[in-house]
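Here is the structure we will look at.
Values in this text are rule-based calculations from the coordinates and carry no lab data. Since the model is a prediction, treat every value here as computed from it, not as a measurement. With ideal geometry, Cβ positions are generated from the backbone for all residues, glycine too; neighbour counts draw on all protein chains shown.
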Amino acid sequence: MNDAIETLRRREGLIFLAGFALCIPAANWLILHVGTTCVPQGPCLIPVAPNVMAPSGVVMVGLALVLRDLVQRRLGIKIAILGILFGALLSALFAPKALVLASAAAFLISETADLLVYTPLQKRGLMRAVAASSMVGLVIDSIVFLTLAFGSLAFLEGQVIGKAWMVLLALPAIAWLRRRDERIGLTPA
């Protein structure tokens, strides 16, 4: 592979890794500060479907799942695994005190599930791998977080829908990236 393409791979990989890491504090900030409704001593909520609300941080969690896949595509599975471990630590550090365990565990488990689904599927196509792994990850993230944080799955619908919107919104960019990679001869790490 020529040096320019390898430089592009590394540069984009580092950008995706930084974005992945930034999703964690951004999700925690959003959940406390941005929403159409902010519950006193609770999360700020946004509408994710008619008559369905979710904590505003869900949008960043959906994006994090997609970015993790792109980190692996550009920098390889070892960096992706280190990113997940570092992300779980960041999640614990930035989460509100009452949600530290739920936030860190949900991040670690869901991002690992994303990796386990993405890795074999990436050989069958980037779009399929990103969509499937992100959907698995966002459902697992929602179930683990809600169970540990609240002992209830009452808000599961909003959590899943909110995260799924971000994955769906990212797919056109993923399709563009795949086409561009094929055109310039950039293969996955």
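Assorted remarks:
- Among the listed values (i) 19.7, 79; (ii) 20.2, 69; (iii) 16.5, 55, the one computed from these coordinates for Rg and Dmax of the Cα atoms in Å is (iii).
- Helix 77-94 axis, angle to the chain major axis (alpha carbon atoms, nearest 10°): 20
- Taking label points 7 Å from Cα along the Cα-to-Cβ direction, Arg10 and Lys97 give a separation of 4.4 nm.
- Secondary-structure-derived ellipticity at 222 nm for the chain, considering helices only, amounts to -26500 deg cm²/dmol, per-run term -39500 (n - 2.57) for DSSP H runs with n ≥ 4.
- Crossing angle, helix 156-184 versus the chain [Cα axis fit, 0-90 degrees, rounded to tens]: 10
- Candidates Val66, Thr7, Leu108 compared by Cα position along the dipole of segment 3-184: farthest toward the positive end lies Thr7, with charges placed on Cβ.
- Fewest-first sequence of Cys38, Cys44 by Cβ atoms within 10 Å of each Cβ: Cys38, Cys44
- Whole-Å distance, taken between Cα centres, linking segment 27-42 and segment 63-141: 23
- Residue order, fewest to most beta carbons within 10 Å, for Thr37, Thr119: Thr37, Thr119
- Extending 7 Å from the Cα toward the beta-carbon at both Thr36 and Ala18 defines two label points whose distance is 3.4 nm.
- Comparing Ala154, Ala106, Ala54 in a Gaussian network model of the chain, where Cα atoms under 10 Å apart are tied by springs, the biggest mean-square fluctuation is seen for Ala154.
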